[in-house]
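This report concerns only the one structure given below.
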Amino acid sequence: MSPMTQLISEIEKSPKGPRVLAIFDFDGTVIAGYSATTFIREQLKRGDLSPAQFVELMRAMANFGLGNLGFSGMMAINAQFMRGVEEETYHELGRKLYTKQIARLIYPESRALVAAHQARGHTVAIISSATPYQVEPAAADLGIEHVLCTQLEVRDGKFTGGVLSPTCFGQGKVTADESLAKQYHADLDGSFFYSDSTDDLLLLERVGHPRALNPSAKLDRIARARQW
């Protein structure tokens, strides 16, 4: 039995109803690659991000990757460059970029797993450290109602340059998932979470059915050792 066939079989044998959560990470899990790359390239093209700001953002991302800067700090640097921009323009931009570029990056396996959970009546959600503008168009395409992600501060319809706390990363993902579980009286011990990255180990360890989907080499090793 192939890994995908086995995953579908497990879903089909699971209890029906909304008290089972099926949570999907986004970048690298539902889609190949990272939606932030597409957005940053478009920000440069639109002039929302100057060359100097781009360099500063790349430096922040590199420091985050090296462990020298926290995720919230990196997001704060990104958000400051959006100060004063109308939020609706980013909703429109997100829909445009999804249609033209990101939709084709969705893994067929992800679509199949989402559909299998929906057929069981499970509460399906995407949980992501990315912003709604990156994630919501994909969720709409997949018929996923719930999006749990990092929120930028908006006042009078414009970005303030701030980021709402907590961000949806690490423990923030666990907190968001627990909140959704409480809303649906769901048992996380009977719920599923799909991720590609060791960044999500806290949430993978929190649910009863952790699943490595399109995993990095590091997560693949951990998943095999723990029989995920």
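The values are calculated or read from the model by the stated rules, or taken from the named source; none is laboratory data. Here the structure is a predicted model, which is why all the values come from computation and not from measurement. Methodologically, a virtual Cβ is constructed for each residue, glycine included, from the backbone with ideal geometry; neighbour enumeration extends over all protein chains shown. Accessible surface areas use protein heavy atoms only, side chains included; no ligands, DNA or RNA. Shrake-Rupley method; radii C 1.70, N 1.55, O 1.52, S 1.80 Å.
One table, with the values for the structure above:
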quantity: Residue match in the range 130-138 (condition: free of Cβ contacts under 8 Å to residues at least 12 places away in the same chain, of a type outside the set (D, E, K, R), open to solvent by 10 Å² or more (accessible area, probe 1.4 Å) and closer than 24 Å to Gln43 by Cβ); calculated: no
quantity: Meets criteria (at pLDDT 95 or above and either open to solvent by 70 Å² or more (accessible area, probe 1.4 Å) or closer than 26 Å to Val20 by Cα (or both)) for Thr99; calculated: yes
quantity: Any hit, the range 53-63, residues being buried (at least 17 other Cβ atoms within 10 Å of the Cβ) and not in a loop (DSSP other than H, G, I, E, B); calculated: yes
quantity: Residue that is open to solvent by 20 Å² or more (accessible area, probe 1.4 Å), without any contact (Cβ under 8 Å) to a residue 24 or more places away in the chain, more than 30 Å from Thr5 (Cα to Cα) and outside any helix (DSSP H, G or I), where the choices are Gly67, Gly84; calculated: Gly67
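Yes/no per residue for (1) touching a residue at least 40 places away in the same chain (Cβ under 8 Å); (2) assigned to a helix (DSSP H, G or I); (3) touching a Cys at 6+ places or on another chain (Cβ under 6 Å):
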| site | (1), (2), (3) |
| --- | --- |
| Leu180 | yes, yes, no |
| Phe193 | yes, no, no |
| Asp200 | yes, yes, no |
| Arg211 | yes, no, no |
| Asn214 | yes, no, no |
| Asp220 | no, yes, no |
| Ala223 | no, yes, no |
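Residues are listed down the side, and each one gets a yes or a no for (1) within 15 Å of the chain's Cα centre (by Cα); (2) open to solvent by less than 20 Å² (accessible area, probe 1.4 Å):
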residue: Leu164; (1), (2): no, no
residue: Ala176; (1), (2): yes, no
residue: His185; (1), (2): no, no
residue: Asp189; (1), (2): no, no
residue: Tyr194; (1), (2): yes, yes
residue: Asp199; (1), (2): yes, no
residue: Gly208; (1), (2): no, no
